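These notes are about the structure you will find just below.
The values are calculated or read from the model by the stated rules, or taken from the named source; none is laboratory data. Just so it is clear, the structure is predicted and the values come from calculations on it, not from any experiment. Cβ placement follows ideal geometry from the backbone for every residue including glycine, while neighbour counts extend to all protein chains displayed. Surface areas here come from the heavy atoms of the whole protein model, side chains and all, with no ligands, DNA or RNA. Shrake-Rupley method; radii C 1.70, N 1.55, O 1.52, S 1.80 Å.
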Amino acid sequence: MSTDSLSDSEDEGYRDWGKFLKNRICEDDLPGIINNKLLEDILHKQMEGSEIGRLMLEDGISFEKVTEIRIEFCNILRIDHIWMMKNLKTLKMDNNYIEKIENLESLTQLIELDLSFNKITKIENLDSLINLRKLSLFDNAISKIENLDKLKQLTIFSIGKNFISDWKDIVYLRRLPQLRSLNMAENSCCAEKDFKYYVATYLPNLEYYEYRYITKIERQIGDDIFHDDYLMMLEEEKVELETKYNLEREEYEGRMNAKSFVEYLNTRKFFDSLFENDPEGSALLLIGGDVTNLYVSYEENIVGLCKDIFKMGQEQYSIRNDNYNEFNQSVKSIQKQNQDEGIAIMESFLEEKTKIFDELKDVRWQFNDLDNWESPRKIIREFKHKFEEIFESTWKSLMKLEAVFNEQIMELNETYEQVLTEMINNFVEHAQGMFVTMREVVTDFNDNLQQIAPTYYATVVLEEEEAEKDRIEALKKKKEEEEARKKAEAKAAKTGKNKTEVLNDAVDEIGIQKDQLSQINDMEPEATPRERVPSKLRPYVKDRETLVNALASSRDVHLLFVDNREDLLVSRAREWLQETIKVMNAKEITRNRDKILEITHFLKVQHREFEQLLHELLSDSELSLPTDDVPVGTSSYMLFTQNMENE
């Protein structure tokens, strides 16, 4: 929005803000660049006068917490350094010298963007701003409205005072379902008659144009003027949307079917690609006749085989899913049993630990009344021994349980790997058999084509020879007629007879009928049989060797495409198998390590709590023990943890 549309108070504040920026912040950096100092100075000014701003300044400016910033009148040449403000909702960079929209990809929370009064020439790099609702590009150098397809939430759009001249840019805006306010003032297209009625008609969801409400009368006038054109546009739009929908659906199905390695084989896409990449074969189809029938049969066979492969791939994918669900269910069942047993072991340990801790606390008061040093030492040693027994037992039980579980999972993985490998091998084997059949179909098609094409070539040559004979004969007749005419003229000059009569007599003498004479005189050059051959086919029938090479090239292209599609299916199936097995085994290795660490950490915490309790008892009783008498003894747990630390 331009400053002219602001209220007096807003206008005064706007000029004061611009004056402040220009005189206080930006004068040291001309032309302006965006850096930390500039951003901090602007944010300091922006936050002054509000309690929230004061608190933010006291805590220190965090760019990630900033939701609004105005970088105006700073002579900025390039958008940069804004990526740090990932939570920015309002960004105003009007009245600068920015030439390109860029470096805004990380501002996915942005709701309002103002780049008016700059030098921008193209709308671009806005796809990530999917939450943008208000966009101002007023007074720039933009000549086309484009690249806004992703901005489905855009509600207010100002692109006035640019270089837009084509009315069709309005039709483009129909892609923005939430657009309600549009400003295009001072573009060259707006000067043309009835433009505002065009906008009212072609953007039925728009409510405001140039900040003025669109009335029903204006829409009615627009409908009267552009009714037929609008209906035609709707039909074209419908076709375009259907085409787009079909392409998107095909791409989506392709991505989904890629999991079964047979993407796009349920359509004629593969068959069409054979001729799209085969100019020789496409040209030979122009022979027509029997070749057309041959092509129809070829299409049915190839497309049918593709659909058979697709169907088998989908069936195998479904079977693999069922097997995976069974495998996953088995893993979960074993895992649940393992977890229940593990929880029972830990709960039993915690119960025993609690009893030991309670008993220790109960005898605490006895320490100071004992007559000698050995008595508390003996009591503590007994409790330590008791704790060490349940500690060691728990450790061994949990580790044994985990070892058994790991062994069970690895056995399941191995069984599942064998099943998967067999399934993939069977799938690949059957698919390869179908591709063998497909190659036979290609060969048969080419063999039949090799029988038809030479006949067509021979026919063209024969017709050309006959045409040449006819042409020579006609030229001979014409030459005889010309000679007869000359003789008749000479004879008429000598005898004084009528020229026509003399000429007719001469023609009769050489056996040319009058109607033939007329045809000869009116004869115009005709296209030769080779010239009547379709232009795309003509280069391949200039001689027999060229035709043979074209047939061979066509066959090789088709066989290569079949080979490539087979290789793609096989390689992706094999790669998927290897990756699945690799991930499955790696997952179990990671789970096993994490579980061991979990067990170790659990017992380490319990051990630390026991030592802490001993320390508290001794401190309260003002007693001390030799340091080698405090820790739990050299159990298998301690040896294991020491080895882990060493590793």
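Summary of values
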item	result
Residues whose placed amide H lies under 5 Å from that of ILE76, excluding near-sequence neighbours	GLY32, TYR97
Accessible heavy-atom area order of ARG485, ARG532, ARG381, highest first, probe of 1.4 Å	ARG532, ARG381, ARG485
Karplus-derived HN-Hα couplings along the range 532-541 (A = 6.51, B = -1.76, C = 1.60, θ = phi - 60°), whole Hz, x at Gly and Pro	7, 5, x, 4, 6, 8, 3, x, 9, 10
Additional length obtainable on full extension of the chain from LYS486 to ASN205, 0.36 nm per residue less Cα span	92.6 nm
Cβ-derived FRET efficiency at R0 22 Å, GLU248 paired with GLU575, nearest 0.05	0.20
Potential extension, VAL296-ASN277 segment - 0.36 nm per residue separation minus Cα distance	5.0 nm
Estimated inter-spin distance, ASP149 and LEU568, nm [label 7 Å along Cα→Cβ]	2.2 nm
Highest to lowest packing among 437-443, 69-75, 307-313, 573-579, scored as the average C-beta count within 10 Å	69-75, 307-313, 437-443, 573-579
Using θ = phi - 60° and Karplus 6.51 cos²θ - 1.76 cosθ + 1.60, couplings along the range 347-363 (whole Hz; Gly, Pro as x)	5, 5, 4, 5, 5, 5, 4, 4, 4, 4, 5, 5, 5, 4, 5, 5, 8
Highest average packing first - 411-424, 273-286, Cβ atoms within 10 Å	273-286, 411-424
Set of the range 419-437 residues, backbone N closer than 11 Å to the point 7 Å along the Cα-Cβ line of SER318	none
Contour excess over end-to-end distance, with Cα ends at LYS119 and LYS168 and 0.36 nm allotted per residue	15.3 nm
Cα-projected label distance for SER348 with THR437, points at 7 Å along beta-carbon direction, nm	6.2 nm
3J(HN,Hα) from dihedral phi, the range 174-190, Karplus parametrisation 6.51/-1.76/1.60, rounded to Hz, x for glycine, proline	5, 6, 9, x, 9, 5, 10, 9, 9, 10, 10, 4, 6, 8, 5, 5, 6
Neighbour net charge for TYR209 - beta-carbon separation under 12 angstrom, K R +1, D E -1	+1
Spin-label model distance (nm) - GLN450 vs LEU597, 7 Å beyond Cα toward Cβ	6.6 nm
Column: log10 I(q)/I(0), Debye, Cα scatterers of the range 236-320, q = 0.12, 0.15 Å⁻¹	-0.51, -0.73
